[in-house]
Amino acid sequence: MKTLLIASTLAVVAALSACKKEAEAPAPAPSSTMMSDNMAEMPMAGAMKHGMGAGMVTTIDAAKGTITVDHGAIAELQWPAMTMAFAVKPEQLSDIKVGDKVDFEIDWDGKTGTITKIAKSGQ
Ligand SMILES: [Cu+2]
């Protein structure tokens, strides 16, 4: 009788600890949730899209740091062909002038396209 009681007590303890283990098992989940929350807190990085295009330079505004390109469709951004200005660093344009045909890459944050790469077409 006493042995049976001990055995069943052990069984209960074992069951409880098994239960506890199961309860603890999902513990890493909140931290991975937190990680994705942290990523969601970086809207700029999350919203940034990258696109590649080709077109012709229509205007360079060194003072504003912009280049305007009459560009073809950009599939990555689901853009049709258009003429628009991009932010650009002067040193990226050392070889580029108005009228040049260019291949370029941009980061698009939803408002501003920033040239990450630009070169005359075929170079
Ligand atoms: Cu455009």
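The values are calculated or read from the model by the stated rules, or taken from the named source; none is laboratory data. Just so we're clear, the structure is a prediction, and the values are computed from it rather than from any experiment. Because the Cβ atoms are built from the backbone with ideal geometry, glycine has one as well, and the counts that use them run over all protein chains shown. We work out accessible area using only protein heavy atoms, side chains counted, and drop any ligands, DNA or RNA first. Shrake-Rupley method; radii C 1.70, N 1.55, O 1.52, S 1.80 Å.
Quick notes on this one:
- Filter pass, Gly53 being part of a loop (DSSP other than H, G, I, E, B), at pLDDT 65 or above and open to solvent by less than 70 Å² (accessible area, probe 1.4 Å): no
- Residues located in the stretch 61-81, provided they are within 9 Å of the ligand (Cβ to nearest atom), in a strand (DSSP E or B) and under 24 Å from the mean Cα position of the chain (by Cα): His71, Ile74, Trp79
- Count of the stretch 88-114 residues which are open to solvent by 30 Å² or more (accessible area, probe 1.4 Å) and under 19 Å from Lys49 (Cβ atoms): 9
- Taking every residue in the stretch 63-84 that is within 17 Å of Gly110 (Cα to Cα) and pairing it with any residue that is open to solvent by 70 Å² or more (accessible area, probe 1.4 Å) and more than 10 Å from the ligand (Cβ to nearest atom), at least 6 positions away or on another chain, the pairs with Cβ-Cβ distances below 8 Å are Ile74/Met52; Glu76/Lys49; Glu76/His50; Glu76/Met52; Leu77/Lys49.
- Test: residue in the stretch 32-39 that is modelled with pLDDT of 95 or more, away from the ligand (no atom under 13 Å from the Cβ) and β-branched (Val, Ile, Thr): no
- Scanning the stretch 69-87 for residues that are open to solvent by less than 50 Å² (accessible area, probe 1.4 Å) and within 14 Å of Val57 (Cβ to Cβ) returns Val69, His71, Gly72, Met84, Phe86.
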